[in-house]
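All remarks here apply to the structure that follows.
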Amino acid sequence: MSEAPIHIVPYDPTWVAKFETEKALLEALLAPWRRGPIEHVGSTAVAGLCAKPVIDVMVGVASLAESEPAKDALCRAGYQYVSYLADIMHWFCKPSFAMRTHHLHLIPFESPLWHERLAFRNLLRTNSNVAEEYAALKRELARKFEFDREAYTDAKYPFIARSLGLPRG
């Protein structure tokens, strides 16, 4: 599987509209499985923050088992499923691994991961010092792990955990 390299770009105000367009598509498509809101998460959800130009969408579901049939519906709609962190979410990208415009995370509504993602997004939206520090870290990690998305993501987590006051794991 060929994967797109990691590139961090300046904030783009069109990211909000791109999320809203995708949300409208997903509301109807995922209605049978959705148990919570459809949230714009990740760095593209934070005004002024640099990011990979990929819209992160989080959808609350009752459970991973109950939302299993959503995988087929999403694949028919152009999403690619990957068994990544399959014990805590169903993860998809669109339109392909080599050219990503969207990441979709089906996460059990009100789970610890659900709350963590929203808490970090909200912290970045309200604390410019944390947002600036995170932006610098992302640029550094993107250079270091340009072709290793999993290492890039893993290397960000200690900062996220520390920022949220989560216990060290």
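The values are calculated or read from the model by the stated rules, or taken from the named source; none is laboratory data. Since we're looking at a predicted model, the values are computed, not measured. Virtual Cβ from ideal backbone geometry, glycine too; neighbours counted across all protein chains shown.
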Within region 65-101, track down each residue that is in contact with a Leu (Cβ under 7 Å, 6 or more places away or on another chain), of a type in the set (Ser, Thr, Tyr) and closer than 21 Å to Trp15 by Cβ.
Tyr79
Does region 118-141 hold any residues that are in contact with a Lys or Arg (Cβ under 9 Å, 6 or more places away or on another chain) and either surrounded by fewer than 15 Cβ atoms within 10 Å (Cβ to Cβ) or more than 14 Å from Gly42 (Cβ to Cβ) (or both), and which are they?
Leu137, Leu141
When region 1-51 is examined, which residues are found to be at pLDDT below 95, more than 26 Å from Glu110 (Cβ to Cβ) and not aliphatic (A, V, I, L, M)?
Ser2, Glu3, Pro5, His7
Are there any pairs, at least 6 apart or on different chains, whose C-beta atoms fall under 7 Å, with the first in region 96-119 and modelled with pLDDT of 95 or more and the second among the hydroxyl-bearing types (Ser, Thr, Tyr), and if so, which?
Leu104/Tyr79; Leu106/Ser67; Pro108/Ser63
Could you list, in sequence order, all residues of region 31-51 that are in contact (Cβ under 8 Å) with a residue 60 or more places away in the chain and not in a strand (DSSP E or B)?
Trp33, Gly42, Ser43, Ala45, Val46, Ala47, Gly48, Leu49, Cys50
Kindly state which helices (runs of 4 or more DSSP H) lie completely within region 80-166 and contain at least 1 residues that are hydrophobic (A, V, I, L, M, F, W, C) and under 22 Å from Lys18 (Cβ atoms).
112-126, 128-144
